[in-house]
Amino acid sequence: MKKITFLLCLGIAGFSAMAQNTPQVFGRKIQSINPKTGIIRCVSSEYESFLQEKESKRATAQEFEQWLAPKAEAEKSKLLARKGIAGTNAVITIPVVIHVIHSGQSVGSGRNISDVRVNSQITVLNQDFRKMLDTPGYNTNPIGADVEIEFCLAKTDPNGNPTTGIDRVNLGNTTWNNSNVESTLKPQTIWDPTKYFNIWVCQFGGDLDGVLGYAQFPSSSGLQGLQGPYTPATDGVVIDWRAFGSSDYAAGQYFQDIDKGRTTTHETGHFLGLRHIWGDGGSQQFGIKDCSATDYCNDTPVAGWENYDCLDTYNSCPSSPGNDMTENYMDYTNDVCMNIFTLDQKARIMAVMQNSPRRNTLKTSTVCQPPLSNPSFELLQGIKLYPNPANDVLNIAVSDSSKTPDSYTIYNSLGQAIKQATTISEGNLKVDTSNYATGIYMIRFTKGNETKTLQFVKN
Ligand code: ZN
Ligand code: CA
């Protein structure tokens, strides 16, 4: 019955490659397809299962959860202890590169989406992860979390040159199936995944036809025999361009009901360690309910399968408290339904940001700052900061006394000047950073007409 309904709907929706009886991706049966539109919201769990088969040393889901659980628990305690205390939080900013993969279209046409559309997606990510007031990412649920993560488009590329953070690449006139995404698209275009969160925007085809996106889950480190990190060349998320950006800010072609940028919010949730709220045990499409599967978050009510619309009265597991949280970004509902990450989900994300390879380095990546000036033939040449990252003291070293700057100003990550020294003596070449909040700072030196900016990190 289910299968017949499903094929009929696919016919209506017109996804050409779906004529096969059991649609597969990464050699696996696709678990959940929207019965009304034929859209496949996400294939991240299918992808993870494929990666585990390919990389024998990648932690199994169970091993990963055992590794993460105590860390998430510790983060949760910190969050609870901090509740109601203002000004103690440190927002993490993740540098992003958007690779727009096209086939020669002019910018703003078809899959070569406009800068405005790219920017609209960054806007939505920030609204959703910061639970911003007066935006679609806001909610009044007492367990709704401000995840305190923001996203910025990179300003420095891997060669140290200026960039808009939008990397347009013509890879020819093809749509992208899973093996070509994995073997060609990602490895040929990825930027250093320890410094950049890579997001690819392309047009899916073949076995990915009708799929909105998928993410690579974070990996563990330090597990016995599973030292990782593995599969760095494919790390990031891939989104079909018709599910990318928001029609609130950027007109254009979008999939039905998938026009508010929530595909990228959902996939970024996976990239930062979140699972589907129904725990991937059941499948409404196949009529299988599984109330024992878990997303390892106690505050998302147990759900037996995915949901596809905004109704908040579904209760797929009536023996457990609470209706299905259809408004959660990690369900399969339409874009307008979604507006919440919970506190437990935030604790998982924080644990991943602190501990997972290629996630824990993003929080101190400085590539959202513009490139530093070219050092040759400068009055200020050879000026150095150490130790960097700094703890209580940052030292300013000059190669010889003729290179001593006239003055300097220190800026925090918001660009606010927090310290100025207008005459330089031995004393203020040592900066007391003991009271500085953890994060990235810029220090601008001047000498004569010349200025030079360096950055440092406070641990
Ligand atoms: Zn997903
Ligand atoms: Ca749960």
>> Take the residues in region 321-333 that are away from ligand 1 (no atom under 14 Å from the Cβ) and not hydroxyl-bearing (Ser, Thr, Tyr); name whichever of them is most open to solvent (accessible area, probe 1.4 Å).
In response: 321
> Right, residue 160: touching a residue at least 40 places away in the same chain (Cβ under 8 Å), farther than 22 Å from residue 122 by Cα and outside any helix (DSSP H, G or I) or not?
Replying inline: yes
> How many of the residues making up region 274-293 are open to solvent by less than 10 Å² (accessible area, probe 1.4 Å) and within 14 Å of ligand 2 (Cβ to nearest atom)?
Replying inline: 5
> When region 317-338 is examined, which residues are found to be closer than 17 Å to residue 35 by Cα, assigned to a loop (DSSP other than H, G, I, E, B) and either outside the structural domain of residue 213 (by TED's automatic domain parsing) or of a type outside the set (Val, Ile, Thr) (or both)?
Replying inline: 331, 332, 334
>> Please pick out the residue among 296, 254, 308 that is part of a loop (DSSP other than H, G, I, E, B), of a type in the set (Ser, Thr, Tyr), more than 14 Å from ligand 1 (Cβ to nearest atom) and open to solvent by less than 50 Å² (accessible area, probe 1.4 Å).
In response: 254
> Within region 26-55, can you find the residues that are away from ligand 2 (no atom under 16 Å from the Cβ) and among the polar types (S, T, N, Q)?
Replying inline: 31, 32, 34, 37, 44, 49, 52
> Can you pull out the residues in region 176-192 that are over 12 Å from residue 157 (Cα atoms), part of a loop (DSSP other than H, G, I, E, B) and either modelled with pLDDT under 95 or within 16 Å of the chain's Cα centre (by Cα) (or both)?
Replying inline: none
> Is it fair to say residue 378 is modelled with pLDDT of 95 or more and open to solvent by 10 Å² or more (accessible area, probe 1.4 Å)?
Replying inline: no
> With respect to residue 344, is the statement that it is acidic (Asp, Glu), within 16 Å of ligand 2 (Cβ to nearest atom) and in a helix (DSSP H, G or I) true?
Replying inline: yes
> residue 318 is checked against (1) of a type outside the set (A, V, I, L, M, F, W, C); (2) under 26 Å from residue 218 (Cβ atoms); (3) open to solvent by 50 Å² or more (accessible area, probe 1.4 Å); (4) more than 14 Å from ligand 2 (Cβ to nearest atom) and fails just one. What number does that condition carry?
Replying inline: (2)
> Could we say that residue 302 is within 16 Å of ligand 2 (Cβ to nearest atom), assigned to a loop (DSSP other than H, G, I, E, B) and crowded, with 21+ Cβ neighbours inside 10 Å here?
Replying inline: yes
>> Please verify whether residue 242 is of a type outside the set (A, V, I, L, M), in the same structural domain as residue 69 (by TED's automatic domain parsing) and touching a helix residue (DSSP H, G or I) at 6+ places or on another chain (Cβ under 8 Å), treating the condition exactly as stated.
In response: no
> Of the residues that sit in region 28-59 and are within 17 Å of residue 275 (Cβ to Cβ) and touching a Leu at 6+ places or on another chain (Cβ under 9 Å), which one is surrounded by the fewest Cβ atoms within 10 Å (Cβ to Cβ)?
Replying inline: 58
> If you scan region 416-426, which residues turn out to be open to solvent by 50 Å² or more (accessible area, probe 1.4 Å) and within 40 Å of the chain's Cα centre (by Cα)?
Replying inline: 416, 417, 418, 419, 420
> When you go through (1) in contact (Cβ under 8 Å) with a residue 40 or more places away in the chain; (2) away from ligand 1 (no atom under 16 Å from the Cβ) one by one for residue 349, which number turns out not to apply?
Replying inline: (2)
>> Quick check on region 257-273: of everything there that is part of a loop (DSSP other than H, G, I, E, B) and open to solvent by less than 10 Å² (accessible area, probe 1.4 Å), which residue is farthest from residue 220 (Cα to Cα)?
In response: 258
>> One residue is enough: does region 169-183 have a residue meeting the conditions touching a Pro at 6+ places or on another chain (Cβ under 9 Å) and assigned by TED's automatic domain parsing to the domain that holds residue 34?
In response: no
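The values are calculated or read from the model by the stated rules, or taken from the named source; none is laboratory data. Note that this is a predicted model, so its numbers are computed, not measured. Ideal geometry is used to build each Cβ from the backbone, glycine not excepted, and the neighbour counts take in all protein chains shown. Heavy atoms of the whole protein, side chains included, go into the accessibility calculation; ligands, DNA and RNA do not. Shrake-Rupley method; radii C 1.70, N 1.55, O 1.52, S 1.80 Å.
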